[in-house]
Amino acid sequence: MKNVLTFMIIFFSSYSALSQHMNGKIIDKNTKQPIAFSNIKTGEYTGVISNEEGYFTITGIDSIKSITISCMGYQSKTIDVKDLSPLKNCLIELEEAINELSEVFISTKPPNVDSIIAKVKLKIKDNYDGELNRYTIFHRTTDHINFKSLEFEIDKASDADKKSIEYANANLKHMAKDIKNSNMVQFFDFKGDVYALGMDSIKLKVDKAAQLLDHKHDFSIDRIQEKAQRIILAYLDTTKTYKLKTGLFKIEDSLSLDNQDFKKENSNAKVSLLSDQTKSLLSESEFYEHSFLTNILDNYFYEHEFEDMIYNDEELTYVIRFMPKKAMAKFTGTLFISDDTYAITRLDYNYYKKRHGEKVNLKFVFGIKYVANINKGTVIFEKDSSKIYYPKYLKRTTGSYFYVNRPLKLIQNSKESYKVSFDFKIEGSNLQKEELLISAKKKLTLDEFKTIKQDSIVSFKILNKYEKTIWQNESILEPSMEMKQFKGE
């Protein structure tokens, strides 16, 4: 009887857990292609966003009667939850919205783009409020790194025999080959609340965080240098400590094979770094002097061109292209502007032609080159209960080319000061994608903001494969197939 009772408890608990969420995928009815960033409303002011592959997850499905799906250029669709299955992926098709411009405009002339942009600027204070807000957020960072060239070689070692140097160089060569052949990707998720005083002041409270990491293929530049140092140290006098010196600076900390910095597994993150990252991403949705959006609307920096009119959630929307006028303007993209409120409801942007961000070329002086050559993203706004727009979803993808050629020396901490000289040359590119989903927004008072204290560090769970249960019954971004299929060591 006890076993039967236990089975029934487990069964009904499992059933309850399953019925609490529903997975789905949104596709184009004609092309059958996934529709990214669709808005899935579970209530008038609640809901989620589909990911880049069209997938989404809704939690608390038992308390929801219907969902409404909308996306730029498609007809909105409302579905009763009872018609959906919570036990499998539901395929939902959207039809393209037919644009009958002749019914809207008597004149054959397209709308005046300068007039539209002027009205957008005029209505900013009515449409947006970036001060004293509390946002419940889910943030995901995806990092890729690709190495084009890797070279490690010991030139000379005054305290090691020839055979040891050969063994060390063979291990360094093997490590370089392993790195080049690896698919290096890692993910970091966290959920919490952002308390925003304004454009330049936020506080972050992190509730939960997790990192998806392959320890064997964790190859940041610093980590690669560390691995190279460990290989070299293994063939030196392990009872001694060493100082590391590069062509640019000298590190006074002592290094040895049993150094605890090599051994410890860090599962803490600085909240200040997460806060700065979140603030930087949120700034792309704000309107203040010289902000990203303000500059795009400035006729001095950018020219604007009317492209089309489409429907978004049954609302007529202007599609405006923007391109740089001045050399200091770097982006091109599309603004989607409501015909009713003159609010920007969506922004897509990318670097214009061969323009780029930060660039440092000291390749022939200090052996360093860096070019920020990718910056593209999407910002999607939604109305709150006060009819004020706030950023529902933000995505930013940045990438760069890097080259580092460091002559390194390990100097023994002894009166002999034995030295090991080796070359460290690395070339490649990295790609980072940041995503931010705001699942709830609430107004704050100044006193409430002042009472919030931001922690210094937050612990996070390190995983070698995606675990869906870690975010059970929480509003998050559905993971990509790459993330679901990830397996590390």
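The values are calculated or read from the model by the stated rules, or taken from the named source; none is laboratory data. Keep in mind the model is a prediction, meaning the values are calculated, not measured. Ideal geometry is used to build each Cβ from the backbone, glycine not excepted, and the neighbour counts take in all protein chains shown. With ligands, DNA and RNA removed, areas are computed over all heavy atoms of the protein, side chains included. Shrake-Rupley method; radii C 1.70, N 1.55, O 1.52, S 1.80 Å.
Working carefully through the options Asn295, Asn312, find the one that is modelled with pLDDT of 95 or more, more than 27 Å from Ile145 (Cα to Cα) and not β-branched (Val, Ile, Thr).
Asn295
Those residues that are at pLDDT 85 or above and either part of a loop (DSSP other than H, G, I, E, B) or open to solvent by 100 Å² or more (accessible area, probe 1.4 Å) (or both), I need them from the range 142-156; list them, please.
Answer for the range 142-156, where residues must be at pLDDT 85 or above and either part of a loop (DSSP other than H, G, I, E, B) or open to solvent by 100 Å² or more (accessible area, probe 1.4 Å) (or both): just Lys148.
Residue-wise test of (1) within 22 Å of Lys465 (Cβ to Cβ); (2) modelled with pLDDT under 95; (3) among the basic types (Lys, Arg).
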| site | (1), (2), (3) |
| --- | --- |
| Lys180 | no, yes, yes |
| Val194 | no, no, no |
| Leu197 | no, yes, no |
| Lys205 | no, no, yes |
| Leu212 | yes, yes, no |
| His215 | yes, yes, no |
| Phe219 | yes, yes, no |
| Asp222 | no, yes, no |
| Lys227 | no, yes, yes |
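Could we say that Val120 is assigned to a strand (DSSP E or B) and modelled with pLDDT of 90 or more here?
no
Looking only at residues in the range 399-420 that are closer than 30 Å to Asn375 by Cα and modelled with pLDDT of 80 or more, which one is nearest to the chain's Cα centre (by Cα)?
Gly399
Is it the case that some residue within the range 405-423 is surrounded by 13 or more Cβ atoms within 10 Å (Cβ to Cβ) and closer than 30 Å to Lys354 by Cα?
Yes, the range 405-423 contains a residue that is surrounded by 13 or more Cβ atoms within 10 Å (Cβ to Cβ) and closer than 30 Å to Lys354 by Cα.
Among what's in the range 38-95 and is among the hydrophobic types (A, V, I, L, M, F, W, C) and not in a strand (DSSP E or B), pick the residue that is most open to solvent (accessible area, probe 1.4 Å).
The qualifying residue most open to solvent (accessible area, probe 1.4 Å) is Leu87.
Could you list, in sequence order, the residues of the range 357-367 that are surrounded by fewer than 17 Cβ atoms within 10 Å (Cβ to Cβ), of a type outside the set (Lys, Arg) and in contact with a strand residue (DSSP E or B) (Cβ under 6 Å, 6 or more places away or on another chain)?
Once the filter is applied, which keeps residues that are surrounded by fewer than 17 Cβ atoms within 10 Å (Cβ to Cβ), of a type outside the set (Lys, Arg) and in contact with a strand residue (DSSP E or B) (Cβ under 6 Å, 6 or more places away or on another chain), the range 357-367 yields Gly357, Glu358, Val360, Asn361, Leu362.
For the range 444-489: of the residues being of a type in the set (Asp, Glu) and touching a strand residue (DSSP E or B) at 6+ places or on another chain (Cβ under 9 Å), which is surrounded by the most Cβ atoms within 10 Å (Cβ to Cβ)?
Glu478
In the range 157-202, which residues are over 20 Å from Ser285 (Cα atoms), open to solvent by 60 Å² or more (accessible area, probe 1.4 Å) and within 35 Å of the chain's Cα centre (by Cα)?
Of everything in the range 157-202, those that are over 20 Å from Ser285 (Cα atoms), open to solvent by 60 Å² or more (accessible area, probe 1.4 Å) and within 35 Å of the chain's Cα centre (by Cα) turn out to be Asn171, Lys173, His174, Lys177, Lys180, Asn181, Asn183.
Just to be sure before I move on: is Glu252 among the charged types (D, E, K, R), open to solvent by 30 Å² or more (accessible area, probe 1.4 Å), at pLDDT below 90 and not in a strand (DSSP E or B) in the structure I sent?
Against the criterion (among the charged types (D, E, K, R), open to solvent by 30 Å² or more (accessible area, probe 1.4 Å), at pLDDT below 90 and not in a strand (DSSP E or B)), Glu252 does not qualify.
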